[in-house]
Structures are given as C-alpha cells and as structure tokens.
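The values are calculated or read from the model by the stated rules, or taken from the named source; none is laboratory data. Note that this is a predicted model, so its numbers are computed, not measured. Counting neighbours? That spans all protein chains shown, and the Cβs are built from the backbone with ideal geometry, glycine included.
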C-alpha cells in the first residue's frame with residue numbers, strides 16, 4: 001500500500017464522518033472535513049504522479065472515493081433540503097448509469113479502461129464546488145450570494161448530464177466494436 005492509496009482510503013473513511021456531521025447540523029465541521037477530503041483528492045493524484053506510484057488499485061479506488069463522497073453529500077444535503085432534490089437525482093442517476101454500463105460491459109467480457117474523460121473531470125470539479133458552496137451558505141450565510149449557488153446548480157447539472165451522455169456513447173462504441181469483430 002503506497003502513500004497515494006492511503007490518502008484515497010482516508011477520503012473514503014471521511015465520507016461517513018461528513019454525513020454524520022451533516023445530519024447533526026454541524027455544518028462548519030462538515031465543511032472542514034469536506035475541504036480536507038477535496039484536498040486529499042488533489043494530493044493523492046499529485047503524489048501518485050510525482051512519486052511514480054500510480055497503481056491499478058489507485059485507478060479503481062480514486063473514482064470510488066470521489067463517487068462515495070459526492071453521492072453521500074448530494075443525497076444528505078438533498079434530504080436536509082440544502083440542495084435541490086432534482087440535482088441530487090441527476091448526480092446519483094449518472095453514477096448509477098455508469099456503474100450499470102460497466103456491469104453490462106463486464107458481463108459481455110468487454111475490457112474497460114478506467115480513465116475519466118475531460119468532461120468528467122469538469123463534472124467532478126463542479127460537483128465539489130456545488131457541495132462546497134452549499135455548505136458555505138450554511139456556515140457563512142452572508143458570504144455566498146443566492147445567484148451563485150443557483151448558477152452552480154445549473155452548471156453542475158449540465159456537466160453531469162453531458163458527462164453521463166459521453167460515458168453512454170463510449171459504452172455503445174465499445175459494444176459496437178466488440179460485436180463487429
């Protein structure tokens with residue numbers, strides 16, 4: 001187990017801590033833990049490249065950690081009526097469709113390379129920003145204008161849908177290439 005993978009595991013461990021803090025209404029503590037989790041995402045990727053410690057395990061763990069963090073936050077913040085439910089449904093549906101697609105490809109014995117598209121990186125960044133803004137409005141009500149959080153919701157929805165469609169098109173390409181052999 002290398003340092004980048006340990007940092008990714010720390011991010012996974014932070015997920016239930018953040019959810020518990022949100023449920024308890026400890027938004028400032030949840031915000032701090034969320035920022036730590038977000039920074040750990042950047043740090044593990046940087047260290048993996050810098051230390052040349054990119055692993056197959058890390059390639060699987062990193063997106064799992066991202067999805068666990070973001071899905072948990074979106075669902076919890078939606079249940080608490082802090083972010084709109086429609087946005088949480090879009091975020092969770094995209095992740096479910098991706099996992100379903102990977103399952104179908106696996107059943108068909110089609111090899112899938114785990115490498116996020118550029119639009120997916122933007123999507124993850126926008127989802128992180130949206131959760132950060134939503135938590136910030138709870139901690140610092142005067143600091144973030146209502147318009148900015150609404151803009152973040154719509155931009156996040158747009159990129160989440162766009163990246164979901166991109167993954168679906170990629171999956172169909174893989175299936176078509178496999179059936180044409």
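What's the total number of residues in segment 114-155 that are under 29 Å from residue 57 (Cβ atoms), touching a residue at least 24 places away in the same chain (Cβ under 8 Å) and part of a helix (DSSP H, G or I)?
Residues that pass the stated criteria total 12.
For the condition more than 11 Å from the chain's Cα centre (by Cα) and either at pLDDT below 90 or under 19 Å from residue 19 (Cα atoms) (or both), what is the one hit in 93, 85?
Of 93, 85, the one residue that is more than 11 Å from the chain's Cα centre (by Cα) and either at pLDDT below 90 or under 19 Å from residue 19 (Cα atoms) (or both) is 85.
So, in segment 1-37, exactly how many residues are surrounded by fewer than 20 Cβ atoms within 10 Å (Cβ to Cβ) and either closer than 18 Å to residue 125 by Cβ or in contact with a strand residue (DSSP E or B) (Cβ under 9 Å, 6 or more places away or on another chain) (or both)?
2
Filter segment 114-123 for residues that are out of contact with any helix residue (DSSP H, G or I) (no Cβ under 6 Å at 6 or more places or on another chain) and within 30 Å of residue 150 (Cβ to Cβ); which is surrounded by the most Cβ atoms within 10 Å (Cβ to Cβ)?
116
Please verify whether residue 77 is out of contact with any helix residue (DSSP H, G or I) (no Cβ under 6 Å at 6 or more places or on another chain), under 27 Å from residue 33 (Cα atoms) and surrounded by 14 or more Cβ atoms within 10 Å (Cβ to Cβ), treating the condition exactly as stated.
no
Scan segment 18-30 and give yes if some residue there is in a helix (DSSP H, G or I), out of contact with any helix residue (DSSP H, G or I) (no Cβ under 9 Å at 6 or more places or on another chain) and within 15 Å of residue 128 (Cβ to Cβ), otherwise no. Show your work before the answer.
Pass one, segment 18-30, residues in a helix (DSSP H, G or I): 18-23, 27-30.
Keeping just the survivors that are out of contact with any helix residue (DSSP H, G or I) (no Cβ under 9 Å at 6 or more places or on another chain) gives none.
No - not one qualifying residue is present in segment 18-30.
Name the single residue, out of those in segment 97-113 being assigned to a helix (DSSP H, G or I) and more than 18 Å from the chain's Cα centre (by Cα), that is surrounded by the most Cβ atoms within 10 Å (Cβ to Cβ). Write out each step before concluding.
Of all residues in segment 97-113, those assigned to a helix (DSSP H, G or I) come to 97-107.
So of that shortlist, the ones also more than 18 Å from the chain's Cα centre (by Cα) come out as 103-107.
Values: 103: 10, 104: 13, 105: 17, 106: 11, 107: 8.
That would be 105.
Quick check, is residue 6 in a helix (DSSP H, G or I) and in contact with a helix residue (DSSP H, G or I) (Cβ under 6 Å, 6 or more places away or on another chain)?
Criteria not met by residue 6.
Within segment 47-94, how many residues turn out to be more than 26 Å from residue 27 (Cα to Cα) and not in a helix (DSSP H, G or I)?
5
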